[in-house]
Amino acid sequence: MSESKIVKLVDESTNRSSELPLLSGTLGPACIDIGTLYKDTGHFTYDPGYGSTASTKSAITYIDGDKGVLLYRGYPIEQLAEKSTFLETSYLLLNGELPTKDQFSKFEHDITHHTMMHESLKDFFKGFHHDAHPMAMLAASVASLSAFYHDDIDVDDADDRKLAAIRLIAKMPTIAAACYRYSIGWPFRYPRNNLEYVDRFLHMMFEVPSEPLELSPVAAKALDLLFILHADHEQNASTSTVRLVGSTGANPYASIAAGITALWGPAHGGANEAVLEMLQEIGSADKVETAVKRAKDKNDNFRLMGFGHRVYKNFDPRAKIIREMTHKVLGELGVNDPLLEVAMKLEEAALKDDYFVERKLYPNVDFYSGIIYKALGIPTEMFTVMFAIARTAGWIAHWIEQHETPGARIGRPRQIYTGADVRDYVAADKR
Ligand code: CMC
(Lines give C-alpha, C1' and ligand atoms only; values in the text may rest on other atoms or scores of the structure.)
Protein backbone atom coordinates (compact mmCIF):
# COMPACT_ATOMS: atom_id res chain seq x y z
CA MET A 1 0.00 0.00 0.00
CA SER A 2 1.63 3.27 -1.08
CA GLU A 3 0.51 6.86 -0.63
CA SER A 4 1.53 10.07 -2.37
CA LYS A 5 -0.12 13.48 -1.98
CA ILE A 6 -0.78 14.64 -5.48
CA VAL A 7 -4.43 15.47 -6.04
CA LYS A 8 -5.39 19.02 -5.13
CA LEU A 9 -9.03 20.05 -5.24
CA VAL A 10 -9.82 23.76 -5.10
CA ASP A 11 -13.26 25.35 -4.65
CA GLU A 12 -12.73 28.63 -6.48
CA SER A 13 -15.87 30.23 -5.03
CA THR A 14 -14.58 29.95 -1.45
CA ASN A 15 -10.88 29.47 -2.10
CA ARG A 16 -10.95 26.47 0.21
CA SER A 17 -8.87 23.55 -0.98
CA SER A 18 -7.99 20.01 -0.07
CA GLU A 19 -4.82 18.03 -0.75
CA LEU A 20 -5.97 14.50 -1.26
CA PRO A 21 -3.62 11.52 -1.01
CA LEU A 22 -3.60 9.05 -3.87
CA LEU A 23 -3.67 5.50 -2.50
CA SER A 24 -2.39 2.51 -4.45
CA GLY A 25 -3.00 -1.13 -3.60
CA THR A 26 -1.13 -4.17 -4.89
CA LEU A 27 -3.11 -4.18 -8.16
CA GLY A 28 -5.70 -1.91 -9.76
CA PRO A 29 -6.07 1.82 -10.25
CA ALA A 30 -5.01 4.31 -7.55
CA CYS A 31 -7.82 5.85 -5.47
CA ILE A 32 -8.23 9.44 -4.32
CA ASP A 33 -8.64 9.40 -0.54
CA ILE A 34 -11.39 11.96 0.05
CA GLY A 35 -11.57 11.40 3.83
CA THR A 36 -10.70 15.04 4.63
CA LEU A 37 -12.64 16.63 1.75
CA TYR A 38 -15.67 17.73 3.80
CA LYS A 39 -13.52 19.15 6.60
CA ASP A 40 -11.30 21.02 4.11
CA THR A 41 -13.89 22.28 1.61
CA GLY A 42 -17.36 21.75 3.11
CA HIS A 43 -18.34 19.48 0.19
CA PHE A 44 -19.38 15.85 -0.06
CA THR A 45 -18.93 13.72 -3.18
CA TYR A 46 -21.90 12.36 -5.15
CA ASP A 47 -21.65 8.91 -6.72
CA PRO A 48 -25.00 7.09 -6.93
CA GLY A 49 -24.47 3.36 -7.42
CA TYR A 50 -20.85 3.84 -6.25
CA GLY A 51 -19.45 3.55 -9.79
CA SER A 52 -16.32 5.54 -8.82
CA THR A 53 -16.11 4.77 -5.11
CA ALA A 54 -13.96 2.28 -3.23
CA SER A 55 -15.66 1.69 0.11
CA THR A 56 -12.82 -0.13 1.81
CA LYS A 57 -9.32 -1.58 1.54
CA SER A 58 -9.45 -5.35 1.18
CA ALA A 59 -6.92 -8.13 0.66
CA ILE A 60 -9.41 -10.86 -0.23
CA THR A 61 -10.47 -10.66 -3.88
CA TYR A 62 -9.29 -8.72 -6.92
CA ILE A 63 -11.17 -8.12 -10.17
CA ASP A 64 -9.81 -6.54 -13.34
CA GLY A 65 -13.05 -5.94 -15.20
CA ASP A 66 -11.40 -4.82 -18.45
CA LYS A 67 -9.22 -7.89 -18.73
CA GLY A 68 -11.76 -10.34 -17.25
CA VAL A 69 -9.50 -11.34 -14.34
CA LEU A 70 -10.67 -12.65 -10.97
CA LEU A 71 -8.26 -13.55 -8.16
CA TYR A 72 -9.03 -14.96 -4.70
CA ARG A 73 -6.13 -14.02 -2.39
CA GLY A 74 -3.98 -13.70 -5.53
CA TYR A 75 -4.89 -17.07 -7.05
CA PRO A 76 -6.56 -16.95 -10.51
CA ILE A 77 -10.12 -18.32 -10.45
CA GLU A 78 -9.25 -20.67 -13.35
CA GLN A 79 -6.59 -22.41 -11.23
CA LEU A 80 -8.83 -22.71 -8.18
CA ALA A 81 -11.68 -24.03 -10.36
CA GLU A 82 -9.41 -26.69 -11.78
CA LYS A 83 -7.43 -27.70 -8.70
CA SER A 84 -9.17 -26.66 -5.49
CA THR A 85 -12.39 -27.56 -3.67
CA PHE A 86 -15.02 -25.30 -2.20
CA LEU A 87 -13.93 -26.01 1.37
CA GLU A 88 -10.27 -25.40 0.59
CA THR A 89 -11.23 -22.18 -1.22
CA SER A 90 -13.30 -21.12 1.80
CA TYR A 91 -10.25 -21.67 4.02
CA LEU A 92 -8.20 -19.57 1.61
CA LEU A 93 -10.73 -16.72 1.62
CA LEU A 94 -10.95 -16.75 5.41
CA ASN A 95 -7.26 -17.16 6.22
CA GLY A 96 -5.40 -15.64 3.28
CA GLU A 97 -3.32 -18.75 2.52
CA LEU A 98 -4.01 -22.21 1.14
CA PRO A 99 -4.09 -24.71 4.02
CA THR A 100 -1.49 -27.35 4.74
CA LYS A 101 -2.87 -30.90 4.96
CA ASP A 102 -3.19 -30.65 8.75
CA GLN A 103 -4.79 -27.22 8.63
CA PHE A 104 -7.31 -28.47 6.09
CA SER A 105 -8.13 -31.60 8.11
CA LYS A 106 -8.86 -29.48 11.16
CA PHE A 107 -10.95 -27.02 9.15
CA GLU A 108 -12.95 -29.82 7.51
CA HIS A 109 -13.42 -31.51 10.91
CA ASP A 110 -14.66 -28.25 12.44
CA ILE A 111 -17.09 -27.61 9.58
CA THR A 112 -18.35 -31.20 9.67
CA HIS A 113 -19.05 -30.96 13.39
CA HIS A 114 -21.09 -27.76 13.23
CA THR A 115 -23.54 -28.75 10.53
CA MET A 116 -26.60 -29.48 12.66
CA MET A 117 -29.39 -26.96 13.13
CA HIS A 118 -30.71 -26.33 16.62
CA GLU A 119 -33.86 -28.46 16.99
CA SER A 120 -35.87 -25.34 17.86
CA LEU A 121 -34.88 -23.78 14.54
CA LYS A 122 -36.89 -26.49 12.80
CA ASP A 123 -40.03 -25.14 14.47
CA PHE A 124 -39.47 -21.78 12.76
CA PHE A 125 -40.23 -23.37 9.41
CA LYS A 126 -43.73 -24.31 10.55
CA GLY A 127 -44.56 -20.60 10.58
CA PHE A 128 -44.06 -20.37 6.81
CA HIS A 129 -46.69 -21.22 4.25
CA HIS A 130 -45.50 -24.16 2.13
CA ASP A 131 -45.06 -21.96 -0.95
CA ALA A 132 -42.86 -19.35 0.75
CA HIS A 133 -39.82 -18.53 -1.41
CA PRO A 134 -36.77 -20.45 -0.11
CA MET A 135 -34.71 -17.21 -0.10
CA ALA A 136 -37.25 -15.70 2.32
CA MET A 137 -37.00 -18.78 4.55
CA LEU A 138 -33.20 -18.81 4.30
CA ALA A 139 -32.83 -15.13 5.23
CA ALA A 140 -35.23 -15.47 8.16
CA SER A 141 -33.62 -18.69 9.43
CA VAL A 142 -30.08 -17.31 9.23
CA ALA A 143 -31.21 -14.10 10.99
CA SER A 144 -32.75 -16.29 13.67
CA LEU A 145 -29.34 -17.91 14.32
CA SER A 146 -28.51 -14.61 16.02
CA ALA A 147 -31.14 -15.51 18.61
CA PHE A 148 -29.45 -18.87 19.24
CA TYR A 149 -25.90 -17.54 19.41
CA HIS A 150 -26.24 -13.95 20.56
CA ASP A 151 -25.32 -13.73 24.22
CA ASP A 152 -22.08 -15.64 24.00
CA ILE A 153 -20.59 -13.94 20.94
CA ASP A 154 -18.08 -11.12 21.21
CA VAL A 155 -17.48 -9.64 17.75
CA ASP A 156 -14.17 -8.20 18.99
CA ASP A 157 -12.85 -11.65 19.86
CA ALA A 158 -10.94 -13.42 17.07
CA ASP A 159 -11.92 -16.93 18.26
CA ASP A 160 -15.59 -15.99 18.43
CA ARG A 161 -15.41 -14.56 14.93
CA LYS A 162 -13.79 -17.75 13.66
CA LEU A 163 -16.46 -19.88 15.34
CA ALA A 164 -19.20 -17.81 13.70
CA ALA A 165 -17.51 -18.37 10.32
CA ILE A 166 -17.34 -22.13 10.88
CA ARG A 167 -20.96 -22.29 12.03
CA LEU A 168 -22.23 -20.29 9.06
CA ILE A 169 -20.33 -22.24 6.38
CA ALA A 170 -21.33 -25.50 8.10
CA LYS A 171 -25.02 -24.79 8.71
CA MET A 172 -25.92 -22.97 5.51
CA PRO A 173 -26.41 -26.20 3.44
CA THR A 174 -28.45 -27.77 6.27
CA ILE A 175 -30.76 -24.77 6.44
CA ALA A 176 -30.91 -24.46 2.64
CA ALA A 177 -31.93 -28.12 2.25
CA ALA A 178 -34.54 -27.66 5.01
CA CYS A 179 -36.04 -24.72 3.07
CA TYR A 180 -36.44 -26.95 0.02
CA ARG A 181 -37.80 -29.96 1.90
CA TYR A 182 -40.28 -27.82 3.79
CA SER A 183 -41.62 -26.42 0.53
CA ILE A 184 -42.33 -29.90 -0.84
CA GLY A 185 -43.50 -31.41 2.44
CA TRP A 186 -40.62 -33.81 2.97
CA PRO A 187 -39.16 -34.54 6.44
CA PHE A 188 -35.90 -32.71 7.21
CA ARG A 189 -32.70 -34.72 6.97
CA TYR A 190 -29.88 -34.59 9.49
CA PRO A 191 -26.39 -33.92 8.06
CA ARG A 192 -24.32 -37.08 7.58
CA ASN A 193 -20.80 -36.57 8.88
CA ASN A 194 -19.38 -39.41 6.79
CA LEU A 195 -20.06 -37.42 3.63
CA GLU A 196 -18.06 -34.54 2.20
CA TYR A 197 -19.51 -31.01 2.16
CA VAL A 198 -21.29 -31.07 -1.21
CA ASP A 199 -22.40 -34.72 -1.04
CA ARG A 200 -23.75 -34.04 2.45
CA PHE A 201 -25.80 -31.19 1.04
CA LEU A 202 -27.11 -33.26 -1.90
CA HIS A 203 -28.04 -36.02 0.55
CA MET A 204 -29.96 -33.58 2.75
CA MET A 205 -31.73 -32.23 -0.34
CA PHE A 206 -32.72 -35.41 -2.13
CA GLU A 207 -32.73 -38.43 0.20
CA VAL A 208 -36.21 -39.83 0.88
CA PRO A 209 -37.11 -42.19 3.73
CA SER A 210 -38.42 -44.82 1.34
CA GLU A 211 -35.24 -45.61 -0.61
CA PRO A 212 -31.48 -45.05 -0.46
CA LEU A 213 -30.02 -42.17 -2.47
CA GLU A 214 -27.24 -42.88 -4.91
CA LEU A 215 -24.95 -39.89 -4.92
CA SER A 216 -23.49 -38.89 -8.26
CA PRO A 217 -19.79 -37.93 -8.33
CA VAL A 218 -20.48 -35.87 -11.48
CA ALA A 219 -23.18 -33.87 -9.69
CA ALA A 220 -20.97 -33.36 -6.62
CA LYS A 221 -18.02 -32.16 -8.70
CA ALA A 222 -20.20 -29.78 -10.72
CA LEU A 223 -21.80 -28.28 -7.63
CA ASP A 224 -18.46 -27.94 -5.85
CA LEU A 225 -17.07 -26.08 -8.86
CA LEU A 226 -20.08 -23.74 -8.98
CA PHE A 227 -19.58 -23.07 -5.27
CA ILE A 228 -15.92 -22.14 -5.87
CA LEU A 229 -16.92 -19.73 -8.65
CA HIS A 230 -19.56 -18.06 -6.47
CA ALA A 231 -17.54 -17.94 -3.24
CA ASP A 232 -16.50 -14.28 -3.39
CA HIS A 233 -16.59 -11.25 -5.66
CA GLU A 234 -15.13 -8.30 -3.72
CA GLN A 235 -17.46 -5.40 -2.82
CA ASN A 236 -20.62 -6.48 -4.66
CA ALA A 237 -24.05 -5.37 -3.37
CA SER A 238 -24.54 -8.22 -0.89
CA THR A 239 -20.99 -8.12 0.46
CA SER A 240 -21.21 -4.35 0.84
CA THR A 241 -24.49 -4.92 2.70
CA VAL A 242 -22.82 -7.39 5.05
CA ARG A 243 -20.05 -4.86 5.67
CA LEU A 244 -22.48 -1.98 6.22
CA VAL A 245 -24.51 -3.97 8.73
CA GLY A 246 -21.30 -5.36 10.26
CA SER A 247 -19.92 -1.84 10.66
CA THR A 248 -22.60 -1.16 13.29
CA GLY A 249 -21.20 -3.98 15.44
CA ALA A 250 -24.19 -6.22 14.62
CA ASN A 251 -24.10 -9.94 15.24
CA PRO A 252 -22.54 -11.92 12.33
CA TYR A 253 -25.67 -13.99 11.69
CA ALA A 254 -27.76 -10.82 11.39
CA SER A 255 -25.10 -9.33 9.08
CA ILE A 256 -25.07 -12.40 6.81
CA ALA A 257 -28.89 -12.51 6.77
CA ALA A 258 -28.82 -8.95 5.43
CA GLY A 259 -26.40 -10.12 2.71
CA ILE A 260 -28.83 -12.90 1.77
CA THR A 261 -31.67 -10.44 1.27
CA ALA A 262 -29.44 -8.19 -0.88
CA LEU A 263 -28.39 -11.19 -2.97
CA TRP A 264 -31.99 -12.12 -3.71
CA GLY A 265 -32.66 -9.21 -6.12
CA PRO A 266 -32.72 -10.07 -9.86
CA ALA A 267 -29.98 -7.51 -10.62
CA HIS A 268 -27.68 -9.53 -8.32
CA GLY A 269 -27.85 -13.23 -7.32
CA GLY A 270 -31.54 -13.54 -8.19
CA ALA A 271 -30.44 -13.32 -11.83
CA ASN A 272 -29.77 -17.09 -12.02
CA GLU A 273 -33.44 -17.81 -11.31
CA ALA A 274 -34.47 -15.01 -13.68
CA VAL A 275 -32.23 -16.39 -16.48
CA LEU A 276 -33.93 -19.76 -16.42
CA GLU A 277 -37.36 -18.16 -16.36
CA MET A 278 -36.31 -15.99 -19.31
CA LEU A 279 -34.98 -18.97 -21.32
CA GLN A 280 -38.19 -20.86 -20.62
CA GLU A 281 -40.23 -17.85 -21.70
CA ILE A 282 -38.21 -17.53 -24.94
CA GLY A 283 -38.86 -21.25 -25.40
CA SER A 284 -37.00 -21.99 -28.64
CA ALA A 285 -33.98 -20.81 -30.62
CA ASP A 286 -36.15 -19.23 -33.34
CA LYS A 287 -37.59 -16.75 -30.79
CA VAL A 288 -34.16 -15.45 -29.75
CA GLU A 289 -34.19 -12.58 -32.22
CA THR A 290 -37.41 -11.17 -30.73
CA ALA A 291 -35.92 -11.40 -27.22
CA VAL A 292 -32.80 -9.48 -28.29
CA LYS A 293 -35.00 -6.82 -29.89
CA ARG A 294 -37.03 -6.47 -26.70
CA ALA A 295 -33.86 -6.20 -24.57
CA LYS A 296 -32.71 -3.24 -26.70
CA ASP A 297 -36.05 -1.45 -26.58
CA LYS A 298 -35.86 1.32 -23.96
CA ASN A 299 -39.68 1.35 -23.71
CA ASP A 300 -39.68 -2.30 -22.68
CA ASN A 301 -38.28 -3.12 -19.24
CA PHE A 302 -37.19 -6.59 -20.41
CA ARG A 303 -33.42 -7.07 -20.00
CA LEU A 304 -31.29 -10.02 -21.01
CA MET A 305 -30.86 -11.63 -17.63
CA GLY A 306 -27.39 -13.07 -17.10
CA PHE A 307 -25.92 -10.34 -19.32
CA GLY A 308 -23.91 -7.31 -18.25
CA HIS A 309 -21.91 -6.52 -15.16
CA ARG A 310 -20.94 -3.37 -13.28
CA VAL A 311 -17.26 -4.31 -13.23
CA TYR A 312 -16.67 -6.74 -16.13
CA LYS A 313 -16.44 -4.97 -19.46
CA ASN A 314 -15.13 -8.17 -20.95
CA PHE A 315 -16.13 -11.84 -20.53
CA ASP A 316 -16.86 -12.67 -16.89
CA PRO A 317 -14.14 -15.33 -16.32
CA ARG A 318 -16.60 -17.36 -14.23
CA ALA A 319 -19.05 -17.42 -17.15
CA LYS A 320 -16.31 -18.80 -19.42
CA ILE A 321 -15.65 -21.68 -16.99
CA ILE A 322 -19.35 -22.41 -16.47
CA ARG A 323 -20.09 -22.31 -20.20
CA GLU A 324 -17.48 -24.98 -20.84
CA MET A 325 -18.61 -27.03 -17.91
CA THR A 326 -22.32 -26.91 -18.91
CA HIS A 327 -21.69 -28.98 -22.03
CA LYS A 328 -19.51 -31.44 -20.10
CA VAL A 329 -21.89 -31.87 -17.15
CA LEU A 330 -25.00 -32.26 -19.29
CA GLY A 331 -23.12 -34.80 -21.43
CA GLU A 332 -21.90 -36.77 -18.40
CA LEU A 333 -25.34 -36.76 -16.77
CA GLY A 334 -26.96 -37.73 -20.07
CA VAL A 335 -29.24 -34.68 -19.96
CA ASN A 336 -30.42 -33.13 -23.19
CA ASP A 337 -31.88 -29.75 -22.29
CA PRO A 338 -33.30 -27.69 -25.18
CA LEU A 339 -32.77 -24.56 -23.05
CA LEU A 340 -29.02 -24.95 -23.62
CA GLU A 341 -29.59 -24.41 -27.33
CA VAL A 342 -31.71 -21.33 -26.60
CA ALA A 343 -28.96 -19.99 -24.29
CA MET A 344 -26.23 -20.55 -26.88
CA LYS A 345 -28.25 -18.88 -29.63
CA LEU A 346 -29.02 -15.96 -27.34
CA GLU A 347 -25.36 -15.53 -26.43
CA GLU A 348 -24.32 -15.71 -30.08
CA ALA A 349 -26.98 -13.17 -31.15
CA ALA A 350 -26.16 -10.70 -28.35
CA LEU A 351 -22.38 -10.91 -28.81
CA LYS A 352 -22.63 -9.76 -32.41
CA ASP A 353 -25.30 -7.13 -31.82
CA ASP A 354 -24.06 -3.50 -31.81
CA TYR A 355 -26.18 -2.60 -28.75
CA PHE A 356 -24.45 -5.23 -26.60
CA VAL A 357 -21.02 -4.74 -28.21
CA GLU A 358 -21.02 -0.95 -27.67
CA ARG A 359 -22.11 -1.29 -24.04
CA LYS A 360 -19.67 -4.15 -23.44
CA LEU A 361 -22.41 -6.45 -22.21
CA TYR A 362 -21.16 -10.04 -21.93
CA PRO A 363 -22.67 -13.15 -20.33
CA ASN A 364 -22.06 -13.13 -16.57
CA VAL A 365 -21.74 -15.92 -13.99
CA ASP A 366 -25.49 -16.43 -13.84
CA PHE A 367 -26.09 -16.99 -17.56
CA TYR A 368 -25.29 -20.71 -17.69
CA SER A 369 -25.33 -21.73 -14.01
CA GLY A 370 -29.12 -22.31 -13.95
CA ILE A 371 -28.90 -24.87 -16.75
CA ILE A 372 -26.44 -26.88 -14.65
CA TYR A 373 -28.52 -26.54 -11.47
CA LYS A 374 -31.55 -27.72 -13.44
CA ALA A 375 -29.62 -30.73 -14.75
CA LEU A 376 -28.69 -31.57 -11.14
CA GLY A 377 -32.39 -31.62 -10.21
CA ILE A 378 -32.28 -28.40 -8.23
CA PRO A 379 -35.55 -26.49 -8.58
CA THR A 380 -35.47 -22.97 -10.03
CA GLU A 381 -36.51 -21.20 -6.78
CA MET A 382 -33.46 -22.77 -5.09
CA PHE A 383 -30.89 -21.34 -7.55
CA THR A 384 -30.21 -18.17 -5.57
CA VAL A 385 -30.05 -20.26 -2.39
CA MET A 386 -27.19 -22.20 -4.03
CA PHE A 387 -25.43 -18.90 -4.67
CA ALA A 388 -25.98 -17.91 -1.02
CA ILE A 389 -24.43 -21.14 0.31
CA ALA A 390 -21.27 -20.42 -1.67
CA ARG A 391 -21.13 -16.66 -1.08
CA THR A 392 -21.36 -17.22 2.69
CA ALA A 393 -17.62 -17.99 2.60
CA GLY A 394 -16.90 -14.60 1.02
CA TRP A 395 -19.37 -12.65 3.17
CA ILE A 396 -17.93 -13.98 6.41
CA ALA A 397 -14.33 -13.49 5.20
CA HIS A 398 -15.19 -9.81 4.57
CA TRP A 399 -16.97 -9.51 7.91
CA ILE A 400 -13.87 -10.87 9.66
CA GLU A 401 -11.51 -8.62 7.68
CA GLN A 402 -13.65 -5.63 8.59
CA HIS A 403 -13.40 -6.47 12.28
CA GLU A 404 -9.64 -7.00 12.03
CA THR A 405 -9.10 -3.58 10.42
CA PRO A 406 -7.91 -1.01 12.96
CA GLY A 407 -9.79 2.28 13.07
CA ALA A 408 -12.84 0.96 11.17
CA ARG A 409 -15.86 3.26 11.41
CA ILE A 410 -19.59 2.82 11.02
CA GLY A 411 -20.64 3.02 7.35
CA ARG A 412 -22.69 6.17 6.93
CA PRO A 413 -23.07 7.75 3.46
CA ARG A 414 -24.35 11.32 3.02
CA GLN A 415 -26.93 12.65 0.54
CA ILE A 416 -27.94 15.60 -1.60
CA TYR A 417 -31.15 16.77 0.00
CA THR A 418 -33.84 17.56 -2.61
CA GLY A 419 -36.87 17.97 -0.34
CA ALA A 420 -38.78 21.04 0.81
CA ASP A 421 -36.93 24.08 2.16
CA VAL A 422 -37.49 25.05 5.81
CA ARG A 423 -41.16 25.88 6.40
CA ASP A 424 -43.50 26.41 9.34
CA TYR A 425 -46.04 23.89 10.55
CA VAL A 426 -49.58 24.72 9.45
CA ALA A 427 -52.51 23.79 11.70
CA ALA A 428 -54.86 21.14 10.25
CA ASP A 429 -57.80 23.56 9.77
CA LYS A 430 -55.59 25.99 7.79
CA ARG A 431 -54.20 23.48 5.20
N1 CMC B 1 -29.92 -6.24 -21.09
C2 CMC B 1 -30.12 -5.11 -21.84
N3 CMC B 1 -29.49 -3.94 -21.61
C4 CMC B 1 -28.63 -3.90 -20.57
C5 CMC B 1 -28.38 -5.03 -19.76
C6 CMC B 1 -29.06 -6.22 -20.05
N7 CMC B 1 -28.86 -7.31 -19.29
N8 CMC B 1 -27.48 -4.68 -18.79
C9 CMC B 1 -27.17 -3.40 -18.99
N10 CMC B 1 -27.86 -2.91 -20.08
C11 CMC B 1 -27.75 -1.58 -20.68
C12 CMC B 1 -28.47 -0.53 -19.84
O13 CMC B 1 -29.81 -0.38 -20.25
C14 CMC B 1 -27.62 0.68 -20.09
O15 CMC B 1 -27.95 1.17 -21.38
P16 CMC B 1 -27.89 2.76 -21.71
O17 CMC B 1 -26.43 3.14 -21.57
O18 CMC B 1 -28.42 2.89 -23.08
O19 CMC B 1 -28.75 3.42 -20.67
C20 CMC B 1 -26.19 0.13 -20.17
O21 CMC B 1 -26.35 -1.23 -20.63
C22 CMC B 1 -25.44 0.15 -18.84
O23 CMC B 1 -26.23 -0.55 -17.89
P24 CMC B 1 -26.38 -0.15 -16.36
O25 CMC B 1 -27.72 -0.63 -15.87
O26 CMC B 1 -26.07 1.30 -16.18
O27 CMC B 1 -25.22 -1.01 -15.74
P28 CMC B 1 -25.01 -1.35 -14.21
O29 CMC B 1 -23.56 -1.52 -14.03
O30 CMC B 1 -25.69 -0.35 -13.35
O31 CMC B 1 -25.78 -2.74 -14.02
C32 CMC B 1 -26.26 -5.05 -14.01
C33 CMC B 1 -25.17 -3.97 -14.04
C34 CMC B 1 -25.63 -6.42 -13.81
C35 CMC B 1 -27.23 -4.80 -12.86
C36 CMC B 1 -27.03 -5.01 -15.38
O37 CMC B 1 -26.14 -5.30 -16.42
C38 CMC B 1 -28.21 -5.99 -15.40
O39 CMC B 1 -29.30 -5.61 -14.95
N40 CMC B 1 -28.00 -7.23 -15.91
C41 CMC B 1 -29.04 -8.24 -15.87
C42 CMC B 1 -29.12 -8.85 -14.49
C43 CMC B 1 -27.96 -9.77 -14.21
O44 CMC B 1 -27.60 -10.61 -15.02
N45 CMC B 1 -27.41 -9.65 -13.01
C46 CMC B 1 -26.32 -10.54 -12.52
C47 CMC B 1 -25.03 -9.80 -12.37
S48 CMC B 1 -23.62 -10.90 -12.14
C49 CMC B 1 -23.91 -11.78 -10.69
C50 CMC B 1 -24.16 -10.98 -9.49
O51 CMC B 1 -23.71 -9.83 -9.32
O52 CMC B 1 -24.79 -11.50 -8.61
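General observations
- Looking only at region 279-307, and only at residues there that are more than 10 Å from the ligand (Cβ to nearest atom), under 26 Å from Val385 (Cβ atoms) and in contact (Cβ under 8 Å) with a residue 24 or more places away in the chain, the one that is farthest from the chain's Cα centre (by Cα): Gly283
- Taken as a whole, region 230-240 holds at least one residue that is surrounded by 20 or more Cβ atoms within 10 Å (Cβ to Cβ), under 11 Å from the mean Cα position of the chain (by Cα), farther than 18 Å from Ser141 by Cα and hydroxyl-bearing (Ser, Thr, Tyr).
- Filtered by the rule that a residue be more than 32 Å from the chain's Cα centre (by Cα) and hydroxyl-bearing (Ser, Thr, Tyr), region 9-35 gives Ser13, Thr14, Ser17, Ser18.
- So Tyr312, is it within 12 Å of the ligand (Cβ to nearest atom), among the hydroxyl-bearing types (Ser, Thr, Tyr) and more than 30 Å from Pro173 (Cα to Cα): no
- Scanning region 233-286 for residues that are out of contact with any Phe, Trp or Tyr (no Cβ under 6 Å at 6 or more places or on another chain), under 22 Å from Thr380 (Cα atoms) and not hydrophobic (A, V, I, L, M, F, W, C) turns up Ser238, Thr261, Gly265, Pro266, His268, Glu277, Gln280, Glu281, Gly283, Ser284.
- If the condition is being buried (at least 24 other Cβ atoms within 10 Å of the Cβ) and either more than 11 Å from the ligand (Cβ to nearest atom) or part of a helix (DSSP H, G or I) (or both), then region 357-370 contributes Asp366, Phe367, Tyr368, Ser369, Gly370.
Let's see how each residue does on (1) buried (at least 22 other Cβ atoms within 10 Å of the Cβ); (2) on the phi < 0 side of the Ramachandran plot; (3) in a loop (DSSP other than H, G, I, E, B); (4) within 12 Å of the ligand (Cβ to nearest atom):
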| residue | (1), (2), (3), (4) |
| --- | --- |
| Glu214 | no, yes, yes, no |
| Phe227 | yes, yes, no, no |
| Val245 | no, yes, no, no |
| Ala250 | no, yes, yes, no |
| Ile256 | yes, yes, no, no |
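- Out of Ala139, Ala147, sole residue that is free of Cβ contacts under 8 Å to residues at least 24 places away in the same chain and among the hydrophobic types (A, V, I, L, M, F, W, C): Ala147
- Scope region 383-416; condition charged (D, E, K, R) and within 16 Å of the ligand (Cβ to nearest atom); matching residues: Arg391
- Residue list for region 258-269, restricted to those being more than 8 Å from the ligand (Cβ to nearest atom) and not aliphatic (A, V, I, L, M): Gly259, Thr261, Trp264, Gly265
- Figure legend. Inter-residue proximity from region 330-357: first residues under 13 Å from Tyr368 (Cβ atoms), second residues surrounded by fewer than 18 Cβ atoms within 10 Å (Cβ to Cβ) and of a type in the set (Ser, Thr, Tyr), beta-carbon distance below 7 Å, spacing 6+ or different chains. Indicated pairs: Val342/Ser284.
- Region 200-229 - residue that is under 23 Å from the mean Cα position of the chain (by Cα) and aromatic (Phe, Trp, Tyr) and, of those, farthest from Trp395 (Cα to Cα): Phe201
- Ser238 assigned to a helix (DSSP H, G or I), away from the ligand (no atom under 12 Å from the Cβ) and in contact with a Lys or Arg (Cβ under 9 Å, 6 or more places away or on another chain): no
- Leading residue by the ranking (surrounded by the most Cβ atoms within 10 Å (Cβ to Cβ)) among those in region 140-169 that are of a type in the set (Val, Ile, Thr) and touching a His at 6+ places or on another chain (Cβ under 9 Å): Ile169
- Taking the numbered list (1) assigned to a loop (DSSP other than H, G, I, E, B); (2) buried (at least 17 other Cβ atoms within 10 Å of the Cβ); (3) not hydroxyl-bearing (Ser, Thr, Tyr) in turn, Asn194 passes all entries but (2).
- Identity of the residue in region 139-156, within 22 Å of His113 (Cβ to Cβ) and modelled with pLDDT of 95 or more, that ends up nearest to the chain's Cα centre (by Cα): Val142
Each row is one residue, and each column tells you yes or no for (1) surrounded by fewer than 19 Cβ atoms within 10 Å (Cβ to Cβ); (2) in contact (Cβ under 8 Å) with a residue 12 or more places away in the chain; (3) out of contact with any helix residue (DSSP H, G or I) (no Cβ under 9 Å at 6 or more places or on another chain).
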position	(1), (2), (3)
Ala54	yes, yes, yes
Leu70	no, yes, no
Arg73	no, yes, no
Gln79	yes, no, yes
Phe86	no, yes, no
Tyr91	no, yes, no
Phe107	no, yes, no
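The rows are residues; the columns are (1) assigned to a loop (DSSP other than H, G, I, E, B); (2) within 14 Å of the ligand (Cβ to nearest atom).
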residue: Glu332; (1), (2): no, no
residue: Val342; (1), (2): no, no
residue: Glu348; (1), (2): no, no
residue: Tyr355; (1), (2): no, yes
residue: Ile372; (1), (2): no, no
residue: Gly377; (1), (2): yes, no
residue: Glu381; (1), (2): no, no
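The values are calculated or read from the model by the stated rules, or taken from the named source; none is laboratory data. Quick caveat: nothing in here was measured; it's all calculated off a predicted structure. Positions of Cβ are backbone-derived with ideal geometry, glycine not excepted, and every protein chain shown enters the neighbour counts.
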